[in-house]
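The values are calculated or read from the model by the stated rules, or taken from the named source; none is laboratory data. It should be emphasised that the depicted structure is a prediction, and the values quoted were computed from it without experimental measurement. Note: ideal-geometry Cβ built from the backbone for every residue, glycine included; neighbour counts use all protein chains shown. We work out accessible area using only protein heavy atoms, side chains counted, and drop any ligands, DNA or RNA first. Shrake-Rupley method; radii C 1.70, N 1.55, O 1.52, S 1.80 Å.
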Amino acid sequence: MEIQFLGGASEVGRSAILIKDEKRILLDYGIKVDDKTEYPMQAAGVDIAVLSHAHLDHSGFFPSLFYGNYPTTIATKPTIELSELLIEDSLKISRRQHLKQAFFKKQLEIFAKKSIKYEYGVPVDNGDYYITLYDAGHISGSAITLIEKVKNGKRLIYTGDFKIEPQILQGSADIVEGNVLLIESTYASREHPDRGELIKKFIASIKEVLDNNGTALVPSFAVGRAQEILAILYMNKLIDYTYIDGMAKAASEIVINYPEFTRNKDILLGALKNAHWIGMHASRSEPLQRPSIIVTTAGMLNGGPALDYITKLNKNSKIFLTGYQVEGTNGRLMMEGKPIKINGRRFKVEVPYEFFDFSAHAGKSDLYEYVRKSNPETVICIHGDEENTKLFAETLKLEGFEAYAPKVGNKIKIDF
Ligand SMILES: [Zn+2]
Ligand SMILES: [Zn+2]
């Protein structure tokens, strides 16, 4: 078997792995969204394509597979619907930026219609392989993929993005044992803060803003983070103050439609029922006239209603960043004390901000724990920057694993 890395190796973004064996199996086909969009290398002659989860760095290029002969496509139900939502939005953005389109709405529709909907833990016979999806604990519908060769029982595992420590709405990732492990490495050299302490600090800081008659603006990624934040606010009895706006609304509706993929679905249901939905029960000016919390996109302030609100906040307000801010994004510019860009204009954010690491990825020790429990002969470290993947692989070698940190374009031959 040969494994080729078409993207997402020694980098985060445009995840794409092509397995060449009896069949050609593609694992994810994403894009990298920076100032300009970057695509993975061409994947030709794909027989089976597996989509681990909806985030664009895994799903964004998937519809380009749907010209001519379609591969057998595998994903969970929420992954398919959430991907449709995010990819459609990315198509709109690329049209606005007059970028060349690699696919159109038609391909997106075929993708949504043709994909085979998998349940967690149920192996499906795909000819030479049994393919099983397991819970990755990252976002709704996120999956760890197991490819088991019928002929000899050899097992290859692709983690996608995963988290072991349970979140409120997502349970712990399933540990899957196998011979070859392709593992994400985003936080291979860093631990996350204690989640309980983090939530306490977050809530205390939000309450302070409300007490001062300010607005707590919480920019959140539409899929995953927004729902988790709403759940936290609901559990801490702050949902009456909370407004939800932007793509977070549509994403939340999809997530709640598949309660079997959510832990504590009653909490999410309570949060969504009791929050004020902008555009339905409230207008955008309403939260700015009272102590309030606004949960909205974009998570890195690179568009969406968050930018509209940010120019109108009163001086007692505060911005709560809830996730990693990629270099060059407005969120990162703000953290560096620089003006942000709104519709081509520069804007200096006057209200203070705070950063909270509500990551949905495994931290350092959990990554190592996963490898030890999965106990493969070969580990391939991907989905992390060059420094992280290299360090991860080097450390695993010292523990006796055959470990690699490939770069984009590299091929690895393994006995499988
Ligand atoms: Zn993800
Ligand atoms: Zn990712």
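Things worth noting here:
- Every listed requirement among (1) open to solvent by less than 20 Å² (accessible area, probe 1.4 Å); (2) in contact with a strand residue (DSSP E or B) (Cβ under 9 Å, 6 or more places away or on another chain) is met by GLU228 save one, (2).
- Residue within segment 212-231 that is among the acidic types (Asp, Glu) and either closer than 28 Å to ASN388 by Cα or in the same structural domain as GLY137 (by TED's automatic domain parsing) (or both) present: yes
- Considering residues of segment 348-365 that are within 16 Å of ligand 2 (Cβ to nearest atom) and out of contact with any His (no Cβ under 6 Å at 6 or more places or on another chain) only, the residue nearest to LEU396 (Cα to Cα): ALA362
- Filtered residue count, segment 10-42, keeping only those that are more than 16 Å from ligand 1 (Cβ to nearest atom) and open to solvent by less than 10 Å² (accessible area, probe 1.4 Å): 4
- Condition broken by ILE3, with the remaining ones in (1) more than 16 Å from ligand 1 (Cβ to nearest atom); (2) farther than 22 Å from VAL150 by Cα satisfied: (2)
- Where TYR353 falls short, out of the listed (1) open to solvent by less than 60 Å² (accessible area, probe 1.4 Å); (2) free of Cβ contacts under 8 Å to residues at least 40 places away in the same chain; (3) aromatic (Phe, Trp, Tyr): (1)
- Verdict on LEU108 being within 16 Å of ligand 1 (Cβ to nearest atom), within 23 Å of the chain's Cα centre (by Cα) and at pLDDT 95 or above: no
- Residues that are more than 16 Å from ligand 1 (Cβ to nearest atom), surrounded by 24 or more Cβ atoms within 10 Å (Cβ to Cβ) and touching a residue at least 40 places away in the same chain (Cβ under 8 Å) within segment 48-72 comprise just one, PRO63.
- Scanning segment 1-37 for residues that are of a type in the set (S, T, N, Q) and in contact with a Leu (Cβ under 6 Å, 6 or more places away or on another chain) turns up just one, GLN4.
- Counted residues, segment 73-86 - those being open to solvent by 30 Å² or more (accessible area, probe 1.4 Å) and either more than 15 Å from the chain's Cα centre (by Cα) or at pLDDT below 95 (or both): 1
Residue by residue, here is whether (1) within 16 Å of ligand 1 (Cβ to nearest atom); (2) among the aromatic types (Phe, Trp, Tyr); (3) closer than 30 Å to GLY160 by Cβ holds:
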{"residue": "ASN274", "(1), (2), (3)": "no, no, no"}
{"residue": "SER292", "(1), (2), (3)": "no, no, no"}
{"residue": "GLU354", "(1), (2), (3)": "no, no, yes"}
{"residue": "SER359", "(1), (2), (3)": "yes, no, yes"}
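- Residues that are among the charged types (D, E, K, R) and either part of a helix (DSSP H, G or I) or closer than 12 Å to SER252 by Cβ (or both) within segment 262-295 comprise LYS265, ASP266, LYS273, GLU286, listed in sequence order.
- The residue list LYS318, LYS341 contains one member that is under 25 Å from LYS201 (Cα atoms) and assigned by TED's automatic domain parsing to the domain that holds VAL209, which is LYS318.
- Each residue in segment 153-168 was checked for being crowded, with 23+ Cβ neighbours inside 10 Å and either away from ligand 2 (no atom under 14 Å from the Cβ) or without any contact (Cβ under 8 Å) to a residue 24 or more places away in the chain (or both), and 3 pass.
- Considering only residues in segment 136-152 that are open to solvent by 30 Å² or more (accessible area, probe 1.4 Å) and either aliphatic (A, V, I, L, M) or part of a strand (DSSP E or B) (or both), the one that is nearest to ligand 1 (Cβ to nearest atom) turns out to be GLU148.
- Applying a threshold of 7 Å to beta carbon distances and a minimum spacing of six or more residues, or different chains, the list of pairs starting in segment 286-306 at a residue that is surrounded by fewer than 24 Cβ atoms within 10 Å (Cβ to Cβ) and ending at one that is among the acidic types (Asp, Glu) reads PRO305/ASP245.
- Any hit, segment 87-97, residues being over 16 Å from the mean Cα position of the chain (by Cα), surrounded by fewer than 17 Cβ atoms within 10 Å (Cβ to Cβ), modelled with pLDDT under 95 and in a loop (DSSP other than H, G, I, E, B): yes
- Hits in segment 313-327 - residues which are open to solvent by 10 Å² or more (accessible area, probe 1.4 Å) and outside any strand (DSSP E or B): LEU313, ASN314, LYS315, ASN316, TYR324, VAL326, GLU327
- Scanning segment 381-404 for residues that are of a type outside the set (Asp, Glu) and either over 17 Å from HIS361 (Cβ atoms) or not assigned by TED's automatic domain parsing to the domain that holds ASN179 (or both) yields LYS390, ALA393, THR395, LEU396, LYS397, LEU398, GLY400, PHE401, ALA403, TYR404.
- When residues in segment 365-389 are screened for being in a helix (DSSP H, G or I) and either surrounded by 18 or more Cβ atoms within 10 Å (Cβ to Cβ) or of a type in the set (Ser, Thr, Tyr) (or both), 9 of them pass.
- Residues of segment 73-86 satisfying the condition of being within 14 Å of ligand 1 (Cβ to nearest atom) and assigned to a helix (DSSP H, G or I): PRO78, THR79, LEU82, SER83, LEU86
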